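No lab work stands behind these numbers, since they all come straight from the coordinates. Values in this document were obtained by computation on a predicted structure and should not be read as measured data. Methodologically, a virtual Cβ is constructed for each residue, glycine included, from the backbone with ideal geometry; neighbour enumeration extends over all protein chains shown.
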Amino acid sequence: MTGAAGSGRRVPAGHVPVPGPRTWPDGTGGASAGRVQGPGPGVALLYEKSRPGRRAGTLPSYPLAKVEVPEGLRRSAPPRLPEVSEPDLVRHFTALSARNYGVDTGFYPLGSCTMKHNPRVGERLAALPGFRDLHPHQELDGCQGALDLMWRLQVLLAEVAGLDAVTLQPAAGSQGELLGLMLVRACLAARGESGRAEVIVPDTAHGTNPASVAMAGFDVVPVATDARGNVDVGEVRARVSGRTAALMLTNPSTLGLFDEGVEELTRLVHDAGGLCYYDGANLNAVCGISRPGDMGFDIVHFNLHKTFATPHGGGGPGAGPLAVTAELEPFLPVPVLVRRADGSFALEREAERPLSVGQVRGFPGPFGVLVRAYAFLRAWGPGLREMSQAAVLNANYLLARLRDAYELPYDRLCMHELVLSARNLKRDHGVSALDVAKRLMDYGFHPPTIYFPLVVPEALMIEPTETESKETLDAFADAMLAIAREAQTDPQLVRSAPHATVVKRLDEARAVKQPIVRHRFDP
Amino acid sequence: MGAQRPYLALTPDDVAGLLGTIGVGSVDELFRDVPEGVRLRRPLAVEPALAEQELVAHVSALAARNAHVGAELSFLGAGAYDHYVPALVDSVLARGELLTAYTPYQPELSQGILQAIFEYQTAICELTGMDVANASGYDGATVAADACYLARHATGRTRIVVAQTVAPQVRRVVRTYAVGFGMEVVEVPHRDGVTDPGDFAAACEGAACAIFQQPGFFGCLEPAPELAAAAAATGALAVAHVDPLSLGVLEAPGAYGCHVAIGDGQGVGNPLSYGGPHFGFLAAREELLRRLPGRIAGETVDADGRRGFVLTLQTREQHIRREKATSNITTNQTLCAIAGLVYLAWLGPQGLRELGETCLALGGYARERLGLPLCFEQPTFKELAVRLRRPAEEVVARARAAGVHPGYPLGRDYEGMDDALLVAVTERRTPAEIDRLADVLAEAGA
């Protein structure tokens, strides 16, 4: 069957592979960022390109007396870092970037990751010498501009969250979650309720939620999703008790649905003496439309790299600030940014903040990310709700176009993302969500998130974001529909995808069974 | 709604078309599942939108109010360092295919990032002399907490031993995290700026892990091999927190028996940026591979037998293992780690050694030229703790008035050290600049 899918049909019409040599035999050069390249020789590792005596960087040398490291502490064998020239390095990383797909390359509807356009002005601003070359231990009078920016960002985030106070320290959403749970612990202790150990987490939650609960020393109490895709209120009612420390909720949920019972959920938890934590992973749906604080949440984390468009960097850096109620403010991590009566800014440390949970990162925040997010928010201003409106509009358009070809587990309007199921294709044609995802690559698109949330079999979680045009959405929908047809007419073509990427489907099981996690040098 | 809004592509006609296909009359109708009681019925109370050139003017004005290291001659260190970042790093990081990608869940479209991570892991292993490394943590402080969580599960023990010569910010972060881990923290005081192996060994009895820093926070070289041996003898994991740029001249932790090596990647191709973002690294012995937190890239083959890279051992991670995961980390610091890789490749082994030698020589010159008594008579790397004749805070203020930031007042973190200043000398400080520091300190009555 594989052979029946002739090579001419493997790559969809309109996406012609880049012709000519892709990579020279020595592993350098090759095709630029063509969306569809087709398999070819790989890029040699830097270590394989290394030649003794070659180097890129030069350093100043000063006519100074040499200082020796004491015997026993001196490096015995040099690290085998690559020995390469600067031109080698430029070509190497250019070749690697050509083998990678970003938002800049094309449509990247990775659900729950909010892969929107990253405005370039943020890069320019973060690189201003006053920011880029500012030492984190600089005295207060020498960093007022940075603190002012952070303060302004805090004010913006508090307004979007509908809460009272903000910390910008967490480096990512998951660190925000962990810090949020530390705040829960500190707050409960201050209330004399230290015995509360349970955190209620819906079954649709991101895996980070239960992992953070465990790292914060609490126990997970899972609750199920009801037939409409909301958290099962009855189950929460049955589970809340004097042991409840908190509820962690993502709203809209990872099903892309706004929880219609959210007011009841937060009321139940508050009535039982617990706190409510809002996972802001999906905040892109509701900025300026509905505020977590108004839903009854005490703590909110933002993912600045998602909602406020800072580049994801191939996995990071991100930023996961928290907004909290006034009750939780005294527990925020040090240093705490404050504005003094004279309008200047200061950082309060342990001595001034005796109730603080402590410090959670080396320095006050992932500042360069904060600059970019601040710029994004100021570019939008009060009209930010239109960002969320466009995100929700785009997602519902894809839902409308795809709902007949794929199964829709919950028949409702979606928010900023939609979750479909490839269960019908799997059952009827043996084509899985993974196969659909891989085949999308042949059409030039990054796949959606797959197999998540766990409550939907063969899940395809699609988040288009607000920055995509109708033409792009149509091209993607056309590809999804074409793949559904291919699943009927030529399932093996889909099952053996991708065909047009620089490598074919990779053997992930082998990488687990025989882990090779670093280059092995020849003896 | 339309294209006049920043970064949107939908025209008014598009909006109408999309709504028609969806079958609703208005955008507001799309939000009908949002209960009335939680809707915001007013515009966000924030300042008006700025056009791009207004934004640049506004933010540039904020940046101009900061005394950055190009405006004020700086000898600040204490955990963040003014090392040179080559132009090559900026150039690689500007590649949109890397900058705007996310975690490489789909390896066939992410070979560039995955190979770069694999090369980064190799570089970290080579630097530290360890067998395996993850794809990065947030910073040098949080990876110390990660190491403690790893040690709790690897040993079943709950005590963390930390030398007081470990950077204060790292110790504070470990203390904060330890509460949730159900672990207690014991600190080992220093003797004359360094940790005594006997003191360390006594504290390590029954501990899960023991963390020391090389060079220590005061810049002094710790008896690292003896500290590692003291920890290992008690069954605790020996954790070395190392300055990666010292490892061209200082011995690799793997060579003296450490189980885990961690550190901060800021100086490695990442600018100061007021403390972030940069990266933390975590490397370990082979037997700890399946307990490592965070992403790990691994080598495999594709359907045609071609070499390729994937995220591997994912059953350690939160998206699979949930509350049983080795960590909650998801978004990490990949781009900053790639900056580290580019920088290390730019430097090469010889450059790394020269960098270390230059820092040592400049440190020696500063020692002699400043002519101030040392807090501790020890060999040092990159940083020097000196005693002043008046409070360090006062000297800092006077020196800054003359355009020089002379260093970090140690009294902020250590009792009885109000007259002590920590002076950092990276390869970016010239002998002439050290001369100027000496003059300014003398004028400040130091």
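Determine, from the Cβ-Cβ distance of B:ASP192 and A:ALA189 and an R0 of 41 Å, the FRET efficiency 1/(1 + (r/R0)^6), rounded to the nearest 0.05.
So, using R0 = 41 Å, E works out to roughly 0.55.
So how far apart, in nm, are the two label points at A:SER241 and A:ALA351 if each is 7 Å from Cα heading toward Cβ?
A separation of 4.6 nm, rounded to one decimal place.
Quick query: amide H of B:HIS241 versus all other amide H atoms, modeled in the peptide plane; which residues come in under 5 Å with a sequence gap of 5 or more or a different chain?
Counting only residues 5 or more places away or on other chains, the set is B:PHE212, B:GLN213, B:GLN214, B:ILE262.
Highest GNM mean-square fluctuation, chain B, Cα pairs closer than 10 Å: which of B:LEU93, B:LEU114, B:LEU150?
B:LEU93
Kindly state, to the nearest 0.05, the FRET efficiency for B:ASP304 paired with B:ALA16, given R0 = 35 Å and r defined as their beta-carbon distance.
0.15
Which ³J(HN,Hα) values in Hz, rounded to whole numbers, follow from the phi angles of region B:182-194 under the Karplus curve 6.51 cos²θ - 1.76 cosθ + 1.60, where θ = phi - 60° and Gly and Pro get x?
x, 10, 9, 10, 10, 9, 9, x, 8, 10, 6, x, 10
Please list the non-local residues whose amide H lies under 5 Å from the amide H of B:LEU73, H modeled 1.01 Å from N, same-chain partners needing a gap of 5 or more.
B:HIS405
At R0 = 56 Å, how high is the FRET efficiency between B:ALA402 and B:ARG41 if r is their beta carbon distance? Nearest 0.05 is fine.
FRET efficiency, B:ALA402 to B:ARG41: 0.50.
Under the rule of at least 5 residues apart or a separate chain, name every residue whose amide H is placed under 5 Å from the amide H of B:VAL162.
The list, which skips near neighbours in sequence, is B:VAL186, B:GLU187, B:VAL188, B:ILE211.
Which one, B:ALA325, B:ALA228, B:ALA297, has the greatest fluctuation when you compute a Gaussian network model over chain B with C-alpha springs under 10 angstrom?
Of B:ALA325, B:ALA228, B:ALA297, the Gaussian network model singles out B:ALA325 as fluctuating most.
Residue-wise, which Karplus ³J(HN,Hα) couplings in Hz belong to region B:244-261, taking 6.51 cos²θ - 1.76 cosθ + 1.60, θ = phi - 60°, and x for glycine or proline?
Going residue by residue, I get x, 7, 8, 7, x, 10, 9, 4, 6, x, x, 6, 10, x, 6, 8, 9, 10 Hz, with x marking Gly and Pro.
On alpha-carbon atoms, Rg over Rh for the protein assembly as shown using Kirkwood Rh?
0.96
Please list, or write none, the lysines whose alpha carbon is within less than 25 Å of the alpha carbon of B:LYS382, excluding same-chain residues fewer than 8 places away.
Those lysines meeting the cut-off are A:LYS66.
Helix by helix, which DSSP H runs in chain B go 30 Å or more along their axis at the Cα atoms and have an average Kyte-Doolittle hydropathy of -0.5 or more?
B:334-370
Given an 8 Å cut-off on Cα distances and at least 6 residues of separation, report the relative contact order of region A:202-304 as a percent.
Computed over region A:202-304, the figure is 24 percent.
For a quick check: sort A:THR489, B:THR176 by the number of other beta carbons within 10 angstrom, fewest at the front.
A:THR489, B:THR176
Given the options B:GLY140, B:GLY23, B:GLY308, which has the most mean-square fluctuation in a GNM of chain B, springs set between C-alpha atoms less than 10 angstrom apart?
Looking only at B:GLY140, B:GLY23, B:GLY308, the biggest GNM fluctuation is shown by B:GLY23.
Pop a pseudo-label 7 angstrom from the Cα along the beta-carbon direction at both B:ALA61 and B:ARG389 and give the gap in nm to one decimal.
4.5 nm
Where does each of A:ILE516, B:ILE262 land when they are ranked from fewest to most other beta-carbon atoms within 10 angstrom?
Listed from fewest to most nearby Cβ atoms, that is A:ILE516, B:ILE262.
How do B:ARG95, B:ARG171, A:ARG120 line up, fewest other C-beta atoms within 10 Å first?
A:ARG120, B:ARG95, B:ARG171
How far apart, in nanometres, would the label points at B:GLU52 and A:ASP404 be if each is projected 7 angstrom from Cα along the Cα-to-Cβ direction?
4.1 nm
Pairs of alpha-carbon atoms within less than 8 angstrom and 6+ residues apart define the contacts here; what relative contact order does region B:71-217 have, in percent?
22 percent
Please give me the summed charge of the neighbours of A:SER212: other residues whose Cβ is under 15 Å from its Cβ, Lys and Arg +1, Asp and Glu -1.
-3
Pairs of Cα atoms under 8 Å, at least six residues apart: use those to get the relative contact order of region A:315-461, whole percent.
14 percent
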